[in-house]
């Protein structure tokens, strides 16, 4: 056998070897394609489907890959602009991933995530595209529902905060002492005065100022000042009946509206208050002592007046007492 025959034999063997490796490679490729847990494909730039696996066929609503042979991929795109945009990107980067909507055979729209790759031919041009499609419809719907829930939650929270702010502005109680605030005290007192006029019962009004609150705050801090306010409010609660109207009108100012009875007259109430204040000062080792200035006014159902008038009269008397203390 001459050298030429030997070269031909070697070429034939090399070709057969390459053909065997190619068939083996193609078998591995097809096995891999078919067993992918997602949709696998190979398409041309014009949109012809060259290869597809069962998962891709099922994803698009078909029974087998053969059903896709005569269908152009453009048919499945809900928005044709998506396909054009993808091809432009593959011309530049040759690989990327994106999400878009496809329309199945039954007309149902699904959202897919595409992982394509452009395969170049020997001439350097794109010969075909290969890749996988993943159905992310449920995931996107879950994300959409989550986003919707978050938006609704945020809206609900804003509405809740607005309602809380409105309720706080309409609150009838003082946050610190839990007595009526000015709004609550005046509203409740007006109703009591109307009742007093109907039933001809006597009512008296006591306006009080907690002495030296500014000095307590400046000397011992606002925490001690709050303690003084809460302590005095507790004294009022213990000295009065639950039915009596009790309020902190603001700052160091307190007021009560009391329906007079045989067991509770202005004299007995003033003595009871002073006794409880004295007991508090003896029993509590604080750097300050509680003291109040007060003014008393009376409501005559036969000559009715407003709660504002009672407040003005008592306020005047209270400040006269306070000035007397300061001068003394």
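Here is a check on your reading of the model: is residue 9 modelled with pLDDT of 60 or more and in a helix (DSSP H, G or I)? No; evaluated as a whole, the condition is false for this residue.
Per-residue answers, yes or no, for (1) outside any helix (DSSP H, G or I); (2) surrounded by fewer than 16 Cβ atoms within 10 Å (Cβ to Cβ); (3) touching a residue at least 24 places away in the same chain (Cβ under 8 Å):
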position	(1), (2), (3)
218	no, yes, no
226	no, yes, yes
232	no, no, yes
236	no, no, yes
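So, in the range 282-310, how many residues would count as being exposed (fewer than 14 other Cβ atoms within 10 Å of the Cβ), without any contact (Cβ under 8 Å) to a residue 24 or more places away in the chain and under 18 Å from residue 236 (Cβ atoms)? So the answer is 1. Of all residues in the range 131-180, exactly one satisfies the criterion of being modelled with pLDDT of 80 or more and surrounded by fewer than 10 Cβ atoms within 10 Å (Cβ to Cβ), namely 175.
Select from the range 49-82 the residues that are assigned to a strand (DSSP E or B) and buried (at least 16 other Cβ atoms within 10 Å of the Cβ) and write down the one among them that is nearest to the chain's Cα centre (by Cα). Spell out how you get there, then give the answer.
Of all residues in the range 49-82, those assigned to a strand (DSSP E or B) come to 49-52, 72, 77.
Those left that are additionally buried (at least 16 other Cβ atoms within 10 Å of the Cβ): 49, 51-52, 77.
Details: 49: 49, 51: 50, 52: 47, 77: 38 Å.
Ranking the candidates gives 77 first.
Would you be able to say whether some residue in the range 203-213 is under 30 Å from residue 301 (Cβ atoms), assigned to a helix (DSSP H, G or I) and modelled with pLDDT of 90 or more? No: the range 203-213 contains no residue that is under 30 Å from residue 301 (Cβ atoms), assigned to a helix (DSSP H, G or I) and modelled with pLDDT of 90 or more.
Quickly run through the range 261-278 and pick out the residues that are under 51 Å from the mean Cα position of the chain (by Cα) and within 13 Å of residue 244 (Cα to Cα). Outline the logic, then answer.
Our first condition is that a residue be under 51 Å from the mean Cα position of the chain (by Cα); within the range 261-278, this holds for 269-270, 272-278.
Within the range 261-278, just 269 meets the criteria.
For residue 273, the conditions (1) over 24 Å from residue 186 (Cβ atoms); (2) free of Cβ contacts under 8 Å to residues at least 40 places away in the same chain are fulfilled apart from (1).
The values are calculated or read from the model by the stated rules, or taken from the named source; none is laboratory data. No experiment lies behind these values; they were computed from the predicted model shown. Every residue, glycine as well, gets a Cβ built from its backbone with ideal geometry; the counts of neighbours run over all protein chains shown.
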